[in-house]
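Single-structure report; data block below.
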């Protein structure tokens, strides 16, 4: 019997906590503000940006949406970032990824004031994560995964965790969180060069799959009773679906769900957490700006 | 039959490469310069600082040794760091650890110009390591370990590596190096909270022991044919020794040596690499200062 980790419900819980914190900040004369910068016309990015801005409005946060044309220059984007860095009503800045190819995303991230870097990608925040300095901003997806584990009652301390994927967006920060004094897990980072990946995964009490390969983690790779966090969101063709495709994670859900003790579905698992952690980071940025 | 990894010989090789690079830099009018700051009278620290300065002289590097009294204030140390940051003849700055208790070491590290942070402890360099930005400075001990593995012909790519210890001086940077595109190992970080540590270690093709517990890693924890890097330097009482103690590593050398394919002795393994990598980092800093 598997326990489905309801990402929507946990995200609602996080956002409910946010509502309280927003009220406290407002009582002190501060309305947390988030700026979202969208460069170009990528339809998926438009959807993401729209829902972030909508969520801000819902919660009573101040927000700004800045849209730049697809042919915006690096200097155009940097000028916007600079203006937002200086805007006292903005506490969090997010430049929607991926930008068009003429934009150097690394340079943009570095230009964001680290105190407003609610995505947690600025080198100063990367270092704070590695150094376990709690004043930093942790990237939203891994911090969302940690919260899901906690809410599902999965003990990380002393557990064997296997993180599949070593990106700086998910894999590495997830590993750093799990191995920190906060997580205390024994962490293995597996990746494309890992031999015997199935064997490595079978050791895990906790699997975090972040490889971007549809239904890559199969039941034979999962220990009976393990907890499985599926970060992947992949489109696979499906003529029977209305849009011609369906969304699947990096985990073969049905067969793994039958074997594990807890699992996040796709969609409805990690996905909803991302925006909740973004709002949470924005509130933290606002709080730290006045302390 | 075990292969002893001769850290002295590898360090000599690294330093021989350094000599060539120093000559090239000098031909271009740049003499790499290292400043070592010693606060207080700790005897071990004095020895370390002395040998660093001596090595600089031997190799024709410019060096400065700045000694501050044991009761120096934070402001005193910061003033020295600031002066060194601005000294155009100094490319690398090292403040010998540990400073006296009144000194906030973290704040000192952050005050060092990251471009001169040859210890690799500044957050900017921590981030560069995590982000695999080769312009950063990698802490000397883990980079020395990587070089030892390479020189011993130990293939890291695809290997299972277990790092015991999760400090920011050794364990975490070592794990980041091993899991990077440069290392490509499947890395597990084990630590005080790891259950079944022996079992975890037995999986390893490569063990890096950095826990600071004398002879902690015993033969039963090591897979036949594994490579073992021993970062520990521990004093254990020994009435038969002249000084009343002897130095041992984190690995029970004799019994593990009989089982593994390659091992670093203590002393004479990782130790000599540290200073070689420090010199190497100083040269890199000098090179980057003129490019």
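Every number here is computed from the coordinates shown, using simple stated rules; none is lab data. Please read these numbers as outputs of a predicted model, since none were measured by experiment. So basically every Cβ, Gly included, is an ideal-geometry build from the backbone, and we count neighbours across all protein chains shown.
Each principal axis of the Cα atoms in chain A has its own extent, and those three values, largest first, are 52, 43, 33 angstrom. The residues B:191, A:62, A:91, when put in order of fewest to most other Cβ atoms within 10 Å, stand as A:62, B:191, A:91. Against the compact-protein benchmark of 2.2 N^0.38 Å, the Cα-based radius of gyration of region A:167-218 scales to 1.14. Please report the base-10 log of the normalised intensity I(q)/I(0) for the protein assembly as shown, using a Debye sum with one equal scatterer per alpha carbon and no solvent, at each q in 0.08 (1/Å). Per q value, in the given order, log10 I(q)/I(0) is -0.61. The simple spin-label model puts a point 7 Å past each Cα toward its Cβ; for residue A:16 and residue B:258 those points are separated by 6.2 nm. The mean count of C-beta atoms from other chains within 10 Å of the C-beta of residues in A:193-201, rounded to a whole number, is 4. Measuring r between the beta carbons of residue A:73 and residue A:46 and using R0 = 30 Å, the FRET efficiency lands at 0.90.
Among the residues of A:159-169, the average count of other protein chain beta-carbon atoms within 10 Å of the residue beta-carbon is 2. A label point on residue A:107, set 7 Å along the Cα-to-Cβ line, lies at 3.6 nm from each of its counterparts in the other copies, closest listed first.
Between residue B:135 and residue A:97, the modelled label-to-label distance comes to 1.9 nm, taking each label 7 Å out from Cα in the direction of the beta carbon. Rounded to the nearest 10 degrees, the inclination of helix A:74-86 to the longest alpha-carbon principal axis of chain A is 80 degrees. For chain B, the longest principal axis of the C-alpha atoms and the axis of helix B:7-27 are separated by about 30°. For residue B:47, inter-copy separations between label points set 7 Å beyond Cα along the Cβ vector come to 6.4 nm, shortest first. Applying 1/(1 + (r/R0)^6) with R0 = 51 Å to the Cβ-Cβ distance of residue B:168 and residue A:243 gives a FRET efficiency near 0.60. All C-alpha pair distances within region A:248-291, sorted into 5 Å bins from zero, spread as 5, 19, 18, 14, 11, 10, 9, 7, 4, 2 percent across the bins. Out of every Cα-Cα pair in region B:211-260, what percent are more than 15 Å apart? Tail of the P(r) past 15 Å holds 46 percent of the pairs.
Cβ crowding within 10 Å, taken as a proxy for footprinting-reagent exposure, orders B:178, A:94, A:247 from fewest neighbours to most as A:247, A:94, B:178.
For the protein assembly as shown, the antiparallel share of DSSP beta bridges with both residues in that region comes to about 15%. Across peptide A:181-187, the mean count of Cβ atoms from other chains lying within 10 Å of each residue's own Cβ comes to 5. The convex hull defined by the C-alpha atoms of region A:169-291 has an orientation-averaged projected area of 9.7 nm². The base-10 log of I(q)/I(0) for region B:1-153, evaluated at q = 0.10, 0.20 Å⁻¹, reads -0.40, -1.41 [Debye formula, identical scatterers on Cα atoms, solvent excluded].
Using Cβ contacts closer than 10 Å as the measure, can you line up A:121, A:216 from fewest to most?
With the fewest neighbours first, A:121, A:216 line up as A:216, A:121.
Take residue A:255, move 7 Å from Cα toward the beta carbon, and the resulting point lies 4.3 nm from the same point in each other copy, nearest first. For the pair residue A:155 and residue B:27, a Förster radius of 60 Å applied to the C-beta separation gives a FRET efficiency near 0.50, rounded to the nearest 0.05.
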